[in-house]
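What follows is a short report on a single structure.
The values are calculated or read from the model by the stated rules, or taken from the named source; none is laboratory data. Just so we're clear, the structure is a prediction, and the values are computed from it rather than from any experiment. Cβ: placed from backbone, ideal geometry, glycine included. Neighbour counts: every protein chain shown.
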Amino acid sequence: MGLQAYLTLAAVIFCIGLFGVMTRRNTIGILLGIELMLNAVNINLVAFARYNADVTGMVFTVFTICITVAEAALGLAIVILLFRVRRTVMADHLDLLKG
Amino acid sequence: MTGEILAFWGLGLVLVGSALAVVLSKNLFHAVLWLALALTGTAGVFLQLDAEFLAAVQLLLYAGGIVTIVVFAIVVTERLVGERISQTSRRIGGGAVVAAALLATIVSAINRRPLPVAPPALPADLTRNLGDAVLTRFVLPFELLALLMLAALMGAIYFARPDD
């Protein structure tokens, strides 16, 4: 398979994740979309690393995976906190900053 | 060669199908299970790209870790609200248009440049090279990453702690 095939697959998954982020009303659903997008980026990094025979891209993938885990843990903690304060996880109802 | 192509298409179908299920499924819990499938499929893609270590990390951290955390979050919020969290979407048309436009842009950019069609030969033992790179050239970012993980997890505990 060429590099093109992997990049296209990653682009499709990234756009599906973006669609989820834009259309989901539940905050946890939005986080799931973000996970999909980060996952697509990881596929890109590994594919470029493999097709350039350079291990640096894979090191970077290890870093992005760890940062994604930190992001998920923090994001879900914020969701739980929001839920405790506002009693909702729907993004539409979280409009405290609206003037 | 044909086996490789078949495996790629199979993985690609599983990935795209489960990703679509993640963003379209009505039940949030089902969406998380589909996400687990998508992440496992990504580990398969990593295996196909000869990155065995990353495939293992992907399974352990993503499919094992993140999915568990998300399930916990759903269970906690569900218990608090006392009813099943249903997933509804809004502005599906607009979202689909924007996502499709972005996809078309990316794909046309990918097609514009000549890209390698076959992967070059790898240096022997990729995992060993990866470990060497992490602990020599990238040791400082690696330690910073450990600090970031500690800070993030402590922050998560601070946020989610029960009120006193």
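Exactly one residue out of B:22, B:71, B:14, B:57 is out of contact with any strand residue (DSSP E or B) (no Cβ under 8 Å at 6 or more places or on another chain), at pLDDT 90 or above and of a type in the set (Val, Ile, Thr), and it is B:14. Quick check: is even one residue across region B:141-162 over 27 Å from residue A:53 (Cα atoms) and outside any helix (DSSP H, G or I)? Checking region B:141-162: at least one residue is over 27 Å from residue A:53 (Cα atoms) and outside any helix (DSSP H, G or I). In region B:1-19, the residues that are surrounded by fewer than 15 Cβ atoms within 10 Å (Cβ to Cβ) form no Cβ pair under 6 Å with any partner that is among the acidic types (Asp, Glu) and at pLDDT below 90, whether six or more places apart or across chains.
Looking at B:70, B:57, B:45, B:14, can you tell me which residue is closer than 24 Å to residue A:18 by Cβ, among the β-branched types (Val, Ile, Thr) and in contact with a Ser or Thr (Cβ under 9 Å, 6 or more places away or on another chain)? Talk me through it step by step, then tell me what you get.
Working: B:70 fails: in contact with a Ser or Thr (Cβ under 9 Å, 6 or more places away or on another chain); B:57 fails: closer than 24 Å to residue A:18 by Cβ; B:45 fails: in contact with a Ser or Thr (Cβ under 9 Å, 6 or more places away or on another chain).
That would be B:14, the only listed residue that is closer than 24 Å to residue A:18 by Cβ, among the β-branched types (Val, Ile, Thr) and in contact with a Ser or Thr (Cβ under 9 Å, 6 or more places away or on another chain).
Restricting attention to region A:66-99 and to residues that are β-branched (Val, Ile, Thr) and outside any helix (DSSP H, G or I), the residue that is surrounded by the most Cβ atoms within 10 Å (Cβ to Cβ) turns out to be A:89.
Can residue B:77 be described as surrounded by 19 or more Cβ atoms within 10 Å (Cβ to Cβ), facing chain A (nearest Cβ under 7 Å), more than 16 Å from residue A:20 (Cα to Cα) and modelled with pLDDT under 85? The answer is yes for residue B:77. Can you tell me which residues in region A:14-56 are within 30 Å of residue B:134 (Cα to Cα), small (Gly, Ala, Ser) and touching a helix residue (DSSP H, G or I) at 6+ places or on another chain (Cβ under 8 Å)? Within region A:14-56, A:17, A:33, A:40, A:47, A:49 meet the criteria. The residue list A:63, A:48 contains one member that is of a type in the set (Phe, Trp, Tyr), in a helix (DSSP H, G or I) and at the interface with another protein chain (Cβ under 9 Å from one of its Cβ atoms), which is A:63.
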